[in-house]
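Read the figures in this text as sums done on the coordinates, not as results from a lab. Because the structure is predicted, anything quoted here is derived from the model rather than measured. For neighbour counting, all protein chains shown are included, and Cβ atoms are generated from backbone atoms with ideal geometry for every residue, glycine included.
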Ligand SMILES: Cc1cc2nc3c(=O)[nH]c(=O)nc-3n(C[C@H](O)[C@H](O)[C@H](O)COP(=O)(O)OP(=O)(O)OC[C@H]3O[C@@H](n4cnc5c(N)ncnc54)[C@H](O)[C@@H]3O)c2cc1C
Ligand SMILES: Cc1cc2nc3c(=O)[nH]c(=O)nc-3n(C[C@H](O)[C@H](O)[C@H](O)COP(=O)(O)OP(=O)(O)OC[C@H]3O[C@@H](n4cnc5c(N)ncnc54)[C@H](O)[C@@H]3O)c2cc1C
Ligand SMILES: Cc1cc2nc3c(=O)[nH]c(=O)nc-3n(C[C@H](O)[C@H](O)[C@H](O)COP(=O)(O)O)c2cc1C
Ligand SMILES: Cc1cc2nc3c(=O)[nH]c(=O)nc-3n(C[C@H](O)[C@H](O)[C@H](O)COP(=O)(O)O)c2cc1C
Ligand code: FES
Ligand code: FES
């Protein structure tokens, strides 16, 4: 079955991306060697979120397993923009799939620098804006406010013609309002959901387990939340939705497409199986067939009763 | 070990309540007979949410199981205020534990009637306000807005001296802001979390599974979300917190107390085991001991590193 | 045979709380599976009642499901030599819960609560003029029919069993549960018996009968139940149906198992059913996708 | 013995994706448990490397956990008569993941990815003047020490093993993994060997030695590793430690396994470790609750 598709103009051999920050292709190549490239699990690679300056990330512990999920408080460790462009980007260009670079900043000026410098690189097909960060001026979390999100998009839109994707946070009452703001500001797509605010208590000691006290929940536990938000958002905007949150197999991926996503991303499941993205793709023809679809496009076009 | 405690002036033989809408004591008595009363699983009984007029509830399906959780879209079926006061309340008074009645309305005037008529009944120890409903005048979900919540509490506070408890929704960016509003308006406690907005796709047919398209997620899947919110809220208000969301045993109940809850409620776990409340209580002395506490009060007073 | 606690007539009261029972046996039954639990403490259930079952440990298997217990009707009750009773269950593996139950081996443990819900009435209770009973079962729904049939046999009440199946694969349990009892079979694929629906057999029988003396009982897939219901209602024949609905608790706690009542509103199927009179409900297909 | 892929020296490359391996054996080992997997497709792992393991099916047991695979060091590698290799793992049941792994029976299946991480250096790589190796193991940490010791024996490199345990209960695996090899034991409860910490034994040995010719290797609980690290750093003795840290993926994808580096920032223990030089890290106790 032909699974090829596209997302805001980026041609894809199939609908399966990785969630930002859940698959380090360069590290995976070190560990698995060239078989990673020969059998690359995703149709499009999304980088982990890049910031202006290098960041060490959060103090340990950064992970805790929860019922059917996990909490992380990784804290965006990374080489910073220069380090990424110099050292990481050339390697990522060799993956053989389109590349989306995720960026985050806490002021519009930094976002502008990130977008303009990343966009000028030919290797980059699109840019994802991680807006789950407090605006240093307003103090508000940009992605929680429709108006802040719209304003940010209006500032960034003129910089590049490459697709700009806004990664929505699920930690709001109405994500569709933020999505509408993103669209009004000129976003080409939204991706969702990011992790859900969560915490865990140390099973032995009377303290929070995570070094920074709280983190974000992901995995199958959040899938029902993600499906509701994808449905609400895709009904409210005209731009396409990249759906994710607890996808583990073709069936759950297809649920997101039925809920209104155009393509999907696999996150936490990569940790359980490095080839999870490929498994999802391999299962899609049968899953589409079981639901009576002759092609991916039919499912993308279907609307739920 | 002495587990007796209190919540905003209501004396309790232990810290375990039921979540509103997750245990129908009258139905359970029909099914299990008097052994239910002899071995009543909770230290305080919270009624399902009562509305002004009788309601049929939502069309089926109303339930779907999710990874480590479930979604419900029950839709508050019930006999209405008159029916409840006449037919249900006398039976509930015979349970032998303090009684909290949960009420909901979509306008302040109805809330006033509900609170004043419920509060005058001697059987009632306290009233829980389910504010996850749209205000018919403003259209806003009361419990999503700190100001709406505060205004509602200011209107209701003069009506009774009995404890008023606000049940917070988790579907907001910052539940602590709503809790602060509730406290400012005169609430005696907050209870949390209510269910998290969620949806499911029919596994066979291309439609949403739930009759009304979406519902609320509960069970262990949401426990990490609940713990983070309980911690944030209890750090922000001086009134006590009734903590719930995925509690399955004494250890998870104690996690809520460490996160800042004074007492806890068991919801979805009741469906797996009608005596779940008792199991939590029975396990508490050992769980407290494992963490080095000599009493419940020590755990309630502990603050996390 | 059962203590009435003020709900439906004939309700057997369940012990409070869940109990861990041993799996005594598990065997294939055509495309289905039958397993046996030893229930030392439970009361004897009536035909139509059900249990909530959860395999232990590892309830919550791959992918975090099953998480809630599953509603399953008993398919047979018999004495256990060492005390208590043996409960047989007929299982159709349609998802994670039924698959996990079907995977239990002898010696494993299973959480059980119940028996829940009310039982089928006796023919004379359903229709004072009833001469006997007509039992209409389909697929996995033959389980409660088998229990009812046994009770009728024990009481010397005549009954006829009409059983319908999609194909051989979906007729599991029939040999073991109906044994050499006389049954009339319908197979949609014509692999045996009547080629077509079991409702064809019901119509034949009702045409031959004085419908004033009929009492019909049925359990099976929603579309079959709705057809049986309409056939009987159209003819003024009293009918009881054992329905299904998604259930989380089984004892009235969750309000999840809503079935629309004929006079508006919903009943909780777990405590107001699962056996309902045909004229009590608005449809036996609530929540089912619209056909066509 | 291992293909270097550009990371740490001596990294053995793991096959891409997870594979299902058969459980060949599972047996108690004192308070711990040893089980054996038949790995048909994996390369031979080096001492210090580890695997991510998840029992199948029913990974995700009671309560929705375990959900993620668990990092476990191999405790022994041997040839499998029918091809591939046999991997032994020593398991301490501390939570849902390790308990589920310990509950596997022969014939069961287990998901495995790896081997991951880098291996211990040889003594001459760690210290050009090394005459031999001192291995310091504690509790479950004796597993990688046993693998390293075997390799040193095979290569004819002298080594001494110092093993420390809280009590008899926590010394499982020692008979099977160290057999009749010469070891020096310390028990905190004095039940046998030296009464006290294994670091007491290390200090004794180092006092007697020319520390310029020492190469120390260690694996065990964080507090022990930190004590070993300090003893060696204070004396300028090269030391390699196999650390633990919560891991979700094992192959560098999640950035969860952060360990603070001596020069600031964090390393990913799964790809930059789990074997680290004592002077590479800021502490072996990152994330541990503050003492006192
Ligand atoms: C009173 C009662 C008695 C029952 N007796 C038996 C019995 O004796 N033997 C037996 O095998 N089963 C019986 N069932 C049905 C059984 O409870 C369900 O098949 C089971 O809960 C499905 O769980 P699962 O995890 O295997 O599948 P799920 O993943 O939950 O569902 C699998 C598929 O079945 C459908 N489905 C699931 N539950 C329902 C439902 N309640 N109504 C309509 N469609 C549904 C879904 O569309 C889905 O495609 C009974 C149900 C009730 C309410
Ligand atoms: C490279 C590596 C090799 C390992 N080799 C082995 C081995 O050979 N045999 C073996 O039994 N175990 C080994 N472990 C440890 C093992 O992975 C953990 O004990 C296991 O993940 C715990 O899972 P659980 O579900 O059983 O317990 P959990 O519920 O996850 O944890 C139980 C308790 O252990 C503590 N804990 C869990 N994980 C960690 C951690 N990473 N760091 C500190 N404290 C923790 C928690 O405080 C908790 O109280 C290794 C770990 C790593 C990183
Ligand atoms: C360990 C971890 C790190 C993540 N890092 C990022 C990140 O850097 N940027 C980002 O936008 N999302 C990040 N995410 C969120 C994921 O991309 C994804 O939105 C989320 O995990 C939900 O999908 P899942 O349930 O499939 O994991 C991270 C998630 C995890 C689990
Ligand atoms: C079936 C069901 C019905 C519920 N009905 C109500 C209700 O009527 N009023 C209310 O305030 N909360 C209601 N809740 C929310 C619970 O009281 C509780 O806040 C939530 O389920 C989280 O706890 P849990 O994970 O332990 O179930 C309901 C929850 C469920 C699962
Ligand atoms: S199944 Fe819970 S009320 Fe019927
Ligand atoms: S365990 Fe995931 S990066 Fe190390």
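For chain D, set up a Gaussian network in which alpha carbons nearer than 10 Å are linked by springs, and say which option among D:186, D:253, D:75 fluctuates the most.
Taking springs between Cα atoms under 10 Å, the residue moving most is D:253.
For a test of the definition: using alpha carbon positions, the gyration tensor, and the 1.5 limit on a/c, classify chain D as rounded, prolate or oblate. Each step should come with its number before you reach the end.
Details: a/c = 1.44, a/b = 1.35, b/c = 1.07.
In terms of gyration-tensor shape, rounded.
Sort the following peptides by mean Cβ neighbour count (other Cβ atoms within 10 Å, averaged over residues), highest first: A:199-206, D:218-225.
D:218-225, A:199-206
Output the Cα-based Rg and Dmax of segment A:59-144 in Å, rounding Rg to one decimal and Dmax to a whole number.
In order Rg, Dmax, the Cα atoms of segment A:59-144 give 15.3, 43 Å.
Run through the other copies and list how far each one's label point is from that of residue A:93, in nm with one decimal, shortest first; the point sits 7 Å from Cα along Cα-Cβ.
For residue A:93, the other copies' label points sit at 8.1 nm, shortest first.
For chain A, modelled as a Gaussian network with Cα springs under 10 Å, which listed residue fluctuates most, A:78, A:245, A:289?
Judging by the Gaussian network model, the answer is A:289.
What is the Rg over Rh value, at two decimals, for segment D:19-116, using alpha-carbon atoms and the Kirkwood definition of Rh?
On the way: Rg = 12.4 Å, Rh = 13.3 Å.
Here Rg/Rh amounts to 0.93.
Return the FRET efficiency for the residue pair residue C:93, residue D:78: r is the Cβ-Cβ distance, R0 is 35 Å, and the value is rounded to the nearest 0.05.
On the way: r = 40 Å, r/R0 = 1.13.
Computed FRET efficiency for residue C:93 and residue D:78: 0.30.
When only Cα pairs under 8 Å and 6 or more residues apart are kept, what is the percent relative contact order across chain B? Show your work: numbers first, answer last.
On the way: 671 pairs, mean separation 56.3, N = 305.
Relative contact order for chain B comes out at 18 percent.
How much length is gained on full extension from residue B:303 to residue B:286, taking 0.36 nm per residue of separation minus their Cα-Cα distance? Walk me through the numbers on the way to the answer.
Numbers: separation 17, 0.36 × 17 = 6.12 nm, distance 1.97 nm.
Between residue B:303 and residue B:286, full extension yields 4.1 nm more.
Using a/c under 1.5 as the rounded threshold, could you call segment C:184-234 rounded, prolate or oblate? The axes a ≥ b ≥ c are square roots of the C-alpha gyration tensor eigenvalues, and prolate needs a/b larger than b/c, oblate otherwise. Don't skip to the end; give the middle numbers.
On the way: a/c = 2.47, a/b = 1.41, b/c = 1.75.
Judged from the Cα gyration tensor, segment C:184-234 comes out oblate (a/c at least 1.5, b/c at or above a/b).
Assuming 0.36 nm per residue, please report the length gained on full extension of the stretch residue D:211 to residue D:175 beyond their Cα-Cα distance. Before the final figure, lay out each step's value.
Working: separation 36, 0.36 × 36 = 12.96 nm, distance 2.97 nm.
So the chain would gain 10.0 nm between residue D:211 and residue D:175.
Report the relative contact order of chain D, percent, no decimals, based on alpha-carbon pairs under 8 angstrom and at least 6 residues apart.
Details: 702 pairs, mean separation 52.4, N = 292.
Dividing the mean separation by the residue count of chain D yields 18 percent.
Run through the other copies and list how far each one's label point is from that of residue B:184, in nm with one decimal, shortest first; the point sits 7 Å from Cα along Cα-Cβ.
Counterpart label points of residue B:184 in the remaining copies fall at 2.6 nm.
Using the Cα gyration tensor of chain A, with a ≥ b ≥ c the square roots of its eigenvalues, what is the shape: rounded (a/c below 1.5), prolate (a/b larger than b/c) or oblate (neither)? Let's see the in-between values first.
Details: a/c = 1.20, a/b = 1.13, b/c = 1.06.
Because its axes are fairly even, with a/c under 1.5, chain A counts as rounded.
Using only atoms on other chains, find how many Cβ atoms lie within 10 Å of each Cβ of peptide B:193-204 and report the average. Intermediate values should be presented prior to the final figure.
Working: counts 0, 0, 0, 6, 9, 8, 13, 6, 13, 7, 6, 4.
Partner Cβ neighbours, averaged per residue: 6.
When chain B is treated as a GNM, springs tying every alpha-carbon pair under 10 Å, which of B:216, B:243, B:57 comes out with the largest mean-square fluctuation?
Most flexible of the set in this elastic network: B:57.
Can you pull a Stokes-Einstein diffusion coefficient for segment D:98-196 at 25 °C (0.890 mPa s), Rh from Kirkwood over Cα pairs, as a whole number of µm²/s? Don't skip to the answer; put the middle values down first.
Values: Rh = 15.4 Å.
My calculation gives 159 µm²/s for D.
To the nearest whole number, what is the average tally of beta carbon atoms from other chains within 10 Å of the beta carbons of peptide B:269-280?
On the way: counts 0, 5, 13, 11, 8, 11, 4, 2, 0, 2, 2, 0.
The mean count of partner-chain Cβ atoms within 10 Å per residue comes to 5.
Based on the inverse mean of 1/r over its pairs of different Cα atoms, what is the Kirkwood hydrodynamic radius of segment D:123-287, in Å?
On the way: mean 1/r = 0.0621 Å⁻¹.
One over the average 1/r among Cα pairs gives 16.1 Å for segment D:123-287.
Please give the calculated 222 nm ellipticity per residue for the protein assembly as shown, where each DSSP H segment of at least 4 residues contributes -39500 (n - 2.57) and the sum is spread over every residue; nearest 500 deg cm²/dmol?
On the way: 38 runs with 320 residues, N = 1194.
Rounded to the nearest 500, it is -7500 deg cm²/dmol.
Compute the length gained on full extension between residue D:283 and residue D:24: take 0.36 nm times their separation in residues and subtract their Cα-Cα distance, giving the result in nm to one decimal. It would help to have the intermediate numbers written out before the result.
Working: separation 259, 0.36 × 259 = 93.24 nm, distance 3.80 nm.
Between residue D:283 and residue D:24, full extension yields 89.4 nm more.
With the label 7 angstrom out along Cα to Cβ, how close does residue D:19 come to the same site in each of the other copies, in nm, nearest first?
With the label placed 7 Å along Cα→Cβ, residue D:19 yields 4.9 nm.
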